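The values are calculated or read from the model by the stated rules, or taken from the named source; none is laboratory data. Quick caveat: nothing in here was measured; it's all calculated off a predicted structure. Don't worry about glycine lacking a Cβ; one is built from the backbone with ideal geometry, like all the others, and counts go over all protein chains shown. Ligands, DNA and RNA are stripped out before the accessible areas are found, and what is left, the full protein with its side chains, is counted by its heavy atoms. Shrake-Rupley method; radii C 1.70, N 1.55, O 1.52, S 1.80 Å.
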Amino acid sequence: GGRMLGTAMVGGTYTGCEPFTKTFHGLTKMKDDLNLSQVHLYNEPVEDVLERLDGQYDICLTSPPYYDLEIYSKEATQSTQRYPTYDIWISEFIKPIIDYVCSNVTKYSCWSVKNFKTGDTHNLLDDVIRIHEENG
């Protein structure tokens, strides 16, 4: 909600994807209570919404989940439920997001990725850097 409110308060347009139903309803209530017409919310996984987004964005802010370290819910829309292994999760969840951002964000792509491993073997930071480098 903080990113949404901050963007709206400075007069920007905000597009957000929130697959967790409970959080989506909370964000929608904030949007409606504050009459934030410049806020667009999707109760869907971001990778399902990318093809429907229309246009260029000035900035993308994201703090991606760390595969199996941050489990928000057991809903079928959650990335760890949809993609059973880390490699599939990277190729079907993280990579499409980065690919989209690199093609559609005109100013800044801000990824909050901490340098620690998910589980014992997966280094998300290295994978995020690699995919960004592949996109130039």
Review point. Within region 82-106, how many residues are over 16 Å from the mean Cα position of the chain (by Cα), at pLDDT 85 or above and either among the polar types (S, T, N, Q) or surrounded by 15 or more Cβ atoms within 10 Å (Cβ to Cβ) (or both)?
Key: 2
Practice item. State which residue is nearest to the chain's Cα centre (by Cα) when the search covers only region 6-35 and only residues that are among the polar types (S, T, N, Q) and under 22 Å from residue 55 (Cα atoms). Key: 15
Practice item. Quick one: residue 41 ticks every box in (1) open to solvent by 50 Å² or more (accessible area, probe 1.4 Å); (2) aliphatic (A, V, I, L, M); (3) part of a strand (DSSP E or B); (4) modelled with pLDDT of 80 or more except a single one, so which number is it? Key: (1)
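Would you mind finding the one in 29, 22 that is at pLDDT 90 or above, within 20 Å of residue 11 (Cα to Cα) and in a helix (DSSP H, G or I)? Walk me through it before giving the result.
Numbers: 22 fails: within 20 Å of residue 11 (Cα to Cα).
Answer to the selection: 29.
Do we have any residue at all in region 64-75 that's modelled with pLDDT of 90 or more and among the basic types (Lys, Arg)?
No: zero hits.
Would region 15-25 turn up any residue that is on the phi < 0 side of the Ramachandran plot, open to solvent by less than 80 Å² (accessible area, probe 1.4 Å) and of a type in the set (Asp, Glu)?
Yes - at least one qualifying residue is present in region 15-25.
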